[in-house]
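Student: Next up is a structure, given as C-alpha cells.
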Amino acid sequence: MGSEMEPLLLAWSYFRRRKFQLCADLCTQMLEKSPYDQAAWILKARALTEMVYVDEIDVDQEGIAEMMLDENAIAQVPRPGTSLKLPGTNQTGGPSPAIRPITQAGRPITGFLRPSTQSGRPGTMEQAIRTPRTAYTARPVTSTTGRFVRLGTALFEYIFHHENDVKTALDLAALSTEYSQYKDWWWKVQIGKCYYRLGMYREAEKQFKSALKQQEMVDTFLYLAKVYVSLDQPVTALNLFKQGLDKFPGEVTLLCGIARIYEEMNNISSAAEYYKEVLKQDNTHVEAIACIGSNHFYSDQPEIALRFYRRLLQMGVYNCQLFNNLGLCCFYAQQYDMTLTSFERALALAENEEEAAEVWYNLGHVAVGIGDTNLAHQCFRLALVNNNNHAEAYNNLAVLEMRKGHVEQIGDLQRSYVAAQKSEAAFPDHVDTQHLIKQLKQHFAML
C-alpha cells in the first residue's frame, strides 16, 4: 500500500470534484496545525464561496426595496420602444400579445425560465414577500471564476458571496484598487459589482466603464449592460452589446443578451434572429433552442416547434416543462397518440404544485379542444387545487360556467362571475378576464 495523499493535495482533489464541504473541513484541520498556511486559507475560502456561488451576471431580481423606492426612474411616460417596463405592442407584425400569453409584469411568455424573469416586478408588498429569491444561474461559469490568484481575491469572493457583506467587500476592493494604483481592471469590476448590489447604478456604471478602458472583457460588457437594464435603458444596453460584438465577434453571451432584451421589448422576430445567431455559434444552447421553439409555437407552427423541443429531449433535458410543451405541440400538430403520454410524463416529473397546476391547466385546454367540457372543468379545478392563484384557470372556469347552460340562468352567471372575480384578484391586468367581467355585467343587466 502506498503512503497517504498529502492533505493539501487531497483537499484540492475534493475541490476539483466539487466536494466543497469535504475540502473545507480538511482545510480547517490543516489550519489548526498551521494557522498561517496561505494555501489552505485560499482553498478554504474558495470552497466555501463555491458552495453558495451565484453568477451575478444572470441573477437580477427586484426586492422589496427596489419595488417601493425606485430612485432611478427617469421618465414617467417613456417613448415607445425605449423601456422594458412598458414594452408596448409587437413591432414586427407577429403574434400579438393578446394571442401570446403575458406574465404579470406585462412581458410576453418566453421559452426559457431565467432567474431575472421568473416572477416579474411584484405588484404588492404581499407578493414581494411571498416571491422566493432563487440562487441558481443559467451560466454557471464565467471568466472571472478563474481569477482566484491571490489571498485578497479569494477573500473578496468569500465576503461578497458567502458572507453577503457587501460593505466590507467594497472596502476591501477599494483598498486593493488604491494599492494597485488604480491600474487593476479586475478590482474595478468588483467595486462595480458592490455598487450594483447596493443599488448605486451610476457609480457602478463609472467603475465598469473605467475597467473597460483598461481591459476589454466579455463579463464587463455584461455587467455594464445589466446596469443599463436596471436603469430601464434597453436601447443603451443593446448598443453596448453590439460594441462588445465588434470586439468579440460571435460571443454567445453577448448575442444572447441582445436576444433577451429584444424579447422583453416584445420585438419577438428580432429576438428570434439573434437566437438563431446563437445557435450558429453553439448548436446545443438550451435557452436559444427553447425560445425559438416557443416562438414557432406562438406563430402557429407547432410542427416546427416540436422539432426544437425534441432536440432538447435528445440533448438530455428531462423535466416537467419540456414534456408539458411537447404535449401541447403534439396536440396542436394533431399527433394525438403522443399528447396524453407527454402530459402524463410531465405530471410525473412535476417538482412542485405550481408545475403540476400548469400541466392540469394545459390538459384543460386539450379537453376544451376535443369538446369534453366536463373533463376540462375537472382539469381547471385540479389546476386550482395545486395553485389557488392561477388566474387563467379561474378565467377559463368562468367561461365554462357561462357556456354550461343558458346565460339566462342566474346560478350559472353567478358562479361564472365569482370565478372571474377570483381571476381578476390573482392577475388584475389580465385582458381576457376584464373582457369576460364586462360581458357578464351586460348579461346581469339584461336579467
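The values are calculated or read from the model by the stated rules, or taken from the named source; none is laboratory data. Remember, it's a predicted structure, so these values are computed and weren't measured experimentally. All Cβ positions, glycine included, derive from the backbone under ideal geometry; neighbour counts span all protein chains shown. For accessibility, only protein heavy atoms count, side chains too; no ligands or nucleic acids. Shrake-Rupley method; radii C 1.70, N 1.55, O 1.52, S 1.80 Å.
Student: Within the stretch 208-216, identify whether any single residue is part of a loop (DSSP other than H, G, I, E, B) and at positive phi, and answer yes or no.
Tutor: The initial filter retains those residues of the stretch 208-216 that are part of a loop (DSSP other than H, G, I, E, B), namely 215-216.
Narrowing the set further to residues that are at positive phi leaves none.
No, there is no match, as no residue in the stretch 208-216 is part of a loop (DSSP other than H, G, I, E, B) and at positive phi.
Student: Among the candidates Ala367, Ala357, Ala346, Ala350, single out the residue that is of a type in the set (A, V, I, L, M, F, W, C), at pLDDT 90 or above and in contact with a His (Cβ under 6 Å, 6 or more places away or on another chain). Show your work before the answer.
Tutor: Working: Ala367 fails: in contact with a His (Cβ under 6 Å, 6 or more places away or on another chain); Ala346 fails: in contact with a His (Cβ under 6 Å, 6 or more places away or on another chain); Ala350 fails: in contact with a His (Cβ under 6 Å, 6 or more places away or on another chain).
Testing whether each residue is of a type in the set (A, V, I, L, M, F, W, C), at pLDDT 90 or above and in contact with a His (Cβ under 6 Å, 6 or more places away or on another chain) leaves just Ala357.
Student: Under 6 Å between Cβ atoms, which residue pairs at least 6 apart in sequence (or on different chains) link something in the stretch 256-273 that is free of Cβ contacts under 8 Å to residues at least 12 places away in the same chain with a partner that is in a helix (DSSP H, G or I) and among the hydroxyl-bearing types (Ser, Thr, Tyr)?
Tutor: none
Student: Does Pro97 qualify as being open to solvent by 40 Å² or more (accessible area, probe 1.4 Å), at pLDDT 55 or above and in contact with a strand residue (DSSP E or B) (Cβ under 9 Å, 6 or more places away or on another chain)?
Tutor: So Pro97 fails the test.
Student: Of a type in the set (Ser, Thr, Tyr) and open to solvent by 10 Å² or more (accessible area, probe 1.4 Å) - does that describe any residue in the stretch 342-360? Lay out the reasoning, then the answer.
Tutor: Taking the stretch 342-360 first, the residues of a type in the set (Ser, Thr, Tyr) are 342.
Add one more test, that the residue is open to solvent by 10 Å² or more (accessible area, probe 1.4 Å), and what stays is none.
No, the stretch 342-360 contains no residue that is of a type in the set (Ser, Thr, Tyr) and open to solvent by 10 Å² or more (accessible area, probe 1.4 Å).
Student: Then there's this: For the stretch 279-291, which positions are surrounded by fewer than 23 Cβ atoms within 10 Å (Cβ to Cβ), touching a residue at least 24 places away in the same chain (Cβ under 8 Å) and closer than 19 Å to Gly316 by Cβ?
Tutor: Those that are surrounded by fewer than 23 Cβ atoms within 10 Å (Cβ to Cβ), touching a residue at least 24 places away in the same chain (Cβ under 8 Å) and closer than 19 Å to Gly316 by Cβ: Asp282, Thr284, His285, Val286, Glu287.
Student: Also, quick follow-up: Restricted to the stretch 206-223, and to residues that are open to solvent by less than 20 Å² (accessible area, probe 1.4 Å) and touching a residue at least 24 places away in the same chain (Cβ under 8 Å), which residue is farthest from Pro249 (Cα to Cα)?
Tutor: Ala211
Student: Next question. Filter the stretch 171-195 for residues that are modelled with pLDDT under 95, among the hydroxyl-bearing types (Ser, Thr, Tyr) and assigned to a helix (DSSP H, G or I); which is most open to solvent (accessible area, probe 1.4 Å)?
Tutor: Here the residue is Tyr179.
Student: Just a yes or no: is a residue in the stretch 258-269 basic (Lys, Arg), under 21 Å from the mean Cα position of the chain (by Cα), in a helix (DSSP H, G or I) and under 23 Å from Lys85 (Cα atoms)? Step through it out loud before you land on a result.
Tutor: Taking the stretch 258-269 first, the residues basic (Lys, Arg) are 260.
The next check asks that each one be under 21 Å from the mean Cα position of the chain (by Cα); those that pass are 260.
Within this subset, residues satisfying the condition of being in a helix (DSSP H, G or I) are 260.
Next cut, under 23 Å from Lys85 (Cα atoms) only: 260.
The answer is yes; a qualifying residue exists.
Student: Now for a different question. What pairs come out if I take residues in the stretch 298-322 that are in contact (Cβ under 8 Å) with a residue 40 or more places away in the chain and pair them with residues that are among the hydroxyl-bearing types (Ser, Thr, Tyr) and part of a helix (DSSP H, G or I) whose C-beta lies under 9 Å away, six or more apart or interchain?
Tutor: Every condition considered, the pairs that remain are Asp300/Tyr332.
Student: If you scan the stretch 363-377, which residues turn out to be surrounded by fewer than 21 Cβ atoms within 10 Å (Cβ to Cβ) and touching a Leu at 6+ places or on another chain (Cβ under 7 Å)?
Tutor: Residues satisfying the conditions are Ala367, Thr373, His377.
Student: Still on this structure, please answer the following. Residue check, Arg18 against (1) surrounded by 14 or more Cβ atoms within 10 Å (Cβ to Cβ); (2) under 31 Å from the mean Cα position of the chain (by Cα), all met but one. Which one?
Tutor: Answer for Arg18: the failing condition is (1).
Student: Which of the residues belonging to the stretch 23-58 are assigned to a helix (DSSP H, G or I), among the hydroxyl-bearing types (Ser, Thr, Tyr) and closer than 30 Å to Leu224 by Cβ?
Tutor: Scanning the stretch 23-58 gives a single hit, Thr49.
Student: What's the total number of residues in the stretch 238-257 that are more than 18 Å from the chain's Cα centre (by Cα) and open to solvent by less than 20 Å² (accessible area, probe 1.4 Å)?
Tutor: 4
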